[in-house]
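This report refers to the structure that appears directly beneath it.
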Amino acid sequence: MSHDPSAGPQITRRWTTLPVTEQNYSVEVGGATLTFRTGKLAQQAGGSVIVQLGETVVMASATASKNPREGIDFFPLSVEVEEKLYAAGRIPGSFFRREGRPSEVAILNARLIDRPLRPLFPKSFRNEVQIVATALSSDGQNYIDIPALNAASAALMISDIPFPEPVAAVRIGLKDGQFLVNPTAAQLEDSQMDLRVAGTRAAILMVECGAKQVDEDTMIRAIQHAHQAIQPIIDLQHRLREVAGKEKRSFPQAESYPELETQVRAFIGDRIDQALGGGGDKAGRQAALDALSEAWAGQFLPEPSTGILPYPQGAIKGAFDKLLKERVRRRILDAGLRPDGRSGGDIRPLFTEVSLLPRTHGSGFFQRGETQVMTLTTLGTLGDEQKLDTLRPEQAKRFMHHYNFPPFSVGETGRIGSPSRREIGHGALAETAIKAVIPAEDSFPYAIRLVSEVFGSNGSSSMASVCASTLSLMDAGVPILAPVAGIAMGLVTDEASGQYRVLTDIQGMEDALGDMDFKVAGTISGITALQMDIKLGGLSEAILRESLAQAREARLQLLDHMATTLSEPRPELSSFAPRIITVKVDPEYIGKLIGPGGKTVRAIQEKTGVKVDIQDDGTVHI
């Protein structure tokens, strides 16, 4: 057929269809389908996997730098979670109408991903690794955190990054005595717990839980149920690795100097034991250990001709640190001697106080050993609640807990400003612990803000914040359902002999050199929050039960001590707190009360000085 000139110039096709191959695997978990896809998006990343649960879709990429970072003695892993509000069909509420800095929810989800993955990387791997989890679609019912963690592990598995084995995660709810696997937001509304568990084939690596005073036995059964539920997800990641995985890259192994270990033992002798057994406070013990470390390092002088040390400085310091870790652990295992002289189940000395400040609505002070926290309570109207602009279905929250950890609390200097990710995480854990006992809005129509100021820290300031917050709330006259206290548990094990000791109220050195950080908060009746990270290949049921039993005993002791200062909420609110009167009007008259453009209610507020909050059901808070 001839070309018609009036139709314009003839175009010769010069493109071809790009073949795209996508691997697609699904597994049934808790009655819902979890789908993994790879091969289509982010093809230049080290590894990229999309995970879908319901209509919530998250893509995670894992990419490593080509070369290791020089001069560092840690693994440079960063995890970012991007909440794209287009995923829920929303335009951001900020002035710029685009996503800005990560929300607290995104930061908490990034920490949730980081915690179980970080311990599995090779100890001497120093290449920068970045994991980016991007929410592409959100159905408002399936949260993005569990798909994101599974996608991150799968992306690492198919990448060239030396990551050894899959990590999988599920959420567990509890309703009518039955465990729910990956419950929706609607199901969680009347669930007794919101438990998130991540682990490998053989071991639990991370636990995060908020609960409504759940007993220890139920919590153990829930964790075990979660570990069984993740097994099919681990199987799927192995299949994905077989069909889509890249060859794992090689990396420089850390050079070992066994002769240094022999030399440091001969040089130090029993002086570490003497430093640890000297009693005193954290600063005194640390000064004695620093002096030993400096004396050991001072033996090694640079070669006169080259100015180079006979061994790398990191190896010299590492030999001392390894001996210190060994001696601390052996003293605990063999003799039950902790660095500050306590036995395994002992809590450090306690001090509590309330009503410390004249104009705050409530204040509580809690000190355990060298850890000091003061929490201040502020009460406001429901109009002061925090508006949320995230992918979670909640649009606002009336109870807020904020946590500040200034550098002077550990005797250091540092940056003061916006909260770090650690501060956000610790604040959220304490908020979860207290949230379970906050009175319902219809009986106490106030917005509540707690601020925990850490003035000193040597072990679990987050759990000290829980105790200080309980005292502060009761001092403010908030009718909480029950007092809450929290404690951090630790663990030291010897894999060869099977020895272990569970430690109550761990301090900084025991956290750094031990095998577990297990924070448990709750009331007399049961657990309200739990967070566990372990460095072991597995945690037996016996150790888990012993840890929770010991934590409960400690919690009851803390609650007893707190009751000697303030045993129940004060009968009246602070004279500086707002007083709220609640009335009901017929919902048909809400429009008249508000007036055109809010004119009527504004006039009432301007003339009287009160603040009026009007609910859709006709409830009016004055």
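Identify all residues within the range 161-177 that are assigned to a strand (DSSP E or B) and buried (at least 20 other Cβ atoms within 10 Å of the Cβ); write none if there are none.
ALA168, ALA169, VAL170, ARG171, ILE172, GLY173, LEU174
Return the pairs, sorted by first residue and then second, in which the second residue is among the charged types (D, E, K, R) and part of a helix (DSSP H, G or I), the first residue lies in the range 513-542 and is surrounded by fewer than 22 Cβ atoms within 10 Å (Cβ to Cβ), the beta carbons are less than 8 Å apart, and the residues are 6+ apart or on different chains.
LEU513/LYS325; LEU513/ARG329; ASP517/ASP511; GLY526/GLU216; ASP533/ARG115
Being open to solvent by 20 Å² or more (accessible area, probe 1.4 Å) and over 13 Å from GLY277 (Cα atoms) is the filter here; which residues of the range 331-342 pass it?
ASP334
One residue is enough: does the range 184-191 have a residue meeting the conditions more than 22 Å from the chain's Cα centre (by Cα), in a helix (DSSP H, G or I) and either of a type in the set (D, E, K, R) or closer than 26 Å to PHE125 by Cα (or both)?
Looking for residues that are more than 22 Å from the chain's Cα centre (by Cα), in a helix (DSSP H, G or I) and either of a type in the set (D, E, K, R) or closer than 26 Å to PHE125 by Cα (or both), one finds none in the range 184-191, hence no.
Of the residues VAL454, VAL478, only one is crowded, with 19+ Cβ neighbours inside 10 Å and either basic (Lys, Arg) or more than 19 Å from GLN367 (Cα to Cα) (or both); which?
Checking each option against the conditions leaves just VAL478.
What's the number of the condition GLU104 fails, among (1) touching a strand residue (DSSP E or B) at 6+ places or on another chain (Cβ under 9 Å); (2) among the charged types (D, E, K, R); (3) surrounded by 13 or more Cβ atoms within 10 Å (Cβ to Cβ)?
Condition (1) is where GLU104 drops out.
Please specify each residue of the range 277-321 satisfying the condition of being open to solvent by less than 70 Å² (accessible area, probe 1.4 Å), not aliphatic (A, V, I, L, M) and not in a helix (DSSP H, G or I).
Matches in the range 277-321: GLY277, GLY278, GLY279, GLY280, GLY298, PHE300, PRO302, GLY307, PRO310, TYR311, PRO312.
In the range 266-276, how many are loosely packed, with under 15 Cβ neighbours inside 10 Å and closer than 16 Å to ARG331 by Cα?
Quick first cut of the range 266-276, residues loosely packed, with under 15 Cβ neighbours inside 10 Å only: 266, 269-270, 274.
Going one step further and asking which of them are closer than 16 Å to ARG331 by Cα, we end up with 269-270, 274.
Count: 3.
Report whether or not ASP505 is at positive phi and of a type outside the set (Val, Ile, Thr).
When the stated conditions are applied, ASP505 passes them.
If ARG14 meets every condition in (1) under 30 Å from GLU255 (Cβ atoms); (2) basic (Lys, Arg); (3) without any contact (Cβ under 8 Å) to a residue 24 or more places away in the chain apart from one, which number is that one?
(1)
Of the residues in the range 473-500, how many are of a type in the set (D, E, K, R) and at pLDDT 95 or above?
1
Six or more apart or on different chains, Cβ atoms under 8 Å: show the pairs whose first residue is in the range 338-356 and farther than 27 Å from GLU326 by Cα and whose second is open to solvent by 50 Å² or more (accessible area, probe 1.4 Å) and at pLDDT below 90.
Short answer, once both residue conditions are applied: none.
Table: residues versus (1) crowded, with 18+ Cβ neighbours inside 10 Å; (2) closer than 25 Å to GLY526 by Cβ; (3) touching a His at 6+ places or on another chain (Cβ under 8 Å); (4) among the small types (Gly, Ala, Ser).
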residue	(1), (2), (3), (4)
GLY383	no, no, no, yes
LEU391	yes, no, no, no
LYS397	no, yes, no, no
ASN404	yes, no, no, no
ALA428	yes, yes, yes, yes
ILE438	yes, yes, no, no
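Go through LEU180, LEU195 for me and flag whichever is open to solvent by 10 Å² or more (accessible area, probe 1.4 Å) and in a strand (DSSP E or B).
Checking each option against the conditions leaves just LEU180.
Can you find a residue in the range 559-581 that is open to solvent by 70 Å² or more (accessible area, probe 1.4 Å), part of a helix (DSSP H, G or I), without any contact (Cβ under 8 Å) to a residue 12 or more places away in the chain and polar (S, T, N, Q)?
No: the range 559-581 contains no residue that is open to solvent by 70 Å² or more (accessible area, probe 1.4 Å), part of a helix (DSSP H, G or I), without any contact (Cβ under 8 Å) to a residue 12 or more places away in the chain and polar (S, T, N, Q).
Residues THR470, THR413, THR432, THR377: which one is at pLDDT below 95 and either farther than 29 Å from ASP139 by Cβ or in contact with a strand residue (DSSP E or B) (Cβ under 8 Å, 6 or more places away or on another chain) (or both)?
Being at pLDDT below 95 and either farther than 29 Å from ASP139 by Cβ or in contact with a strand residue (DSSP E or B) (Cβ under 8 Å, 6 or more places away or on another chain) (or both) holds for just one of THR470, THR413, THR432, THR377, which is THR413.
Is it the case, given these coordinates, that GLU128 is touching a Lys or Arg at 6+ places or on another chain (Cβ under 9 Å), open to solvent by 20 Å² or more (accessible area, probe 1.4 Å) and assigned to a loop (DSSP other than H, G, I, E, B)?
Values: touching a Lys or Arg at 6+ places or on another chain (Cβ under 9 Å): yes; open to solvent by 20 Å² or more (accessible area, probe 1.4 Å): yes; assigned to a loop (DSSP other than H, G, I, E, B): no.
When the stated conditions are applied, GLU128 does not pass them.
Kindly provide the set of residues from the range 360-370 that are modelled with pLDDT of 95 or more and either of a type in the set (S, T, N, Q) or open to solvent by 10 Å² or more (accessible area, probe 1.4 Å) (or both), ordered by number.
THR360, HIS361, SER363, PHE365, GLN367
Working only within the range 501-540, note down all residues that are basic (Lys, Arg) and at pLDDT 90 or above.
Within the range 501-540, ARG501, LYS519 meet the criteria.
Given (1) open to solvent by less than 30 Å² (accessible area, probe 1.4 Å); (2) among the aliphatic types (A, V, I, L, M); (3) out of contact with any Ser or Thr (no Cβ under 9 Å at 6 or more places or on another chain); (4) under 21 Å from ARG555 (Cβ atoms), where does LEU350 come up short, assuming only one miss?
(1)
The values are calculated or read from the model by the stated rules, or taken from the named source; none is laboratory data. Quick caveat, the model's predicted, so the values are computed rather than measured. Note that each Cβ is placed from the backbone with ideal geometry, even for glycine, and that neighbours are counted across all protein chains shown. Accessible surface areas use protein heavy atoms only, side chains included; no ligands, DNA or RNA. Shrake-Rupley method; radii C 1.70, N 1.55, O 1.52, S 1.80 Å.
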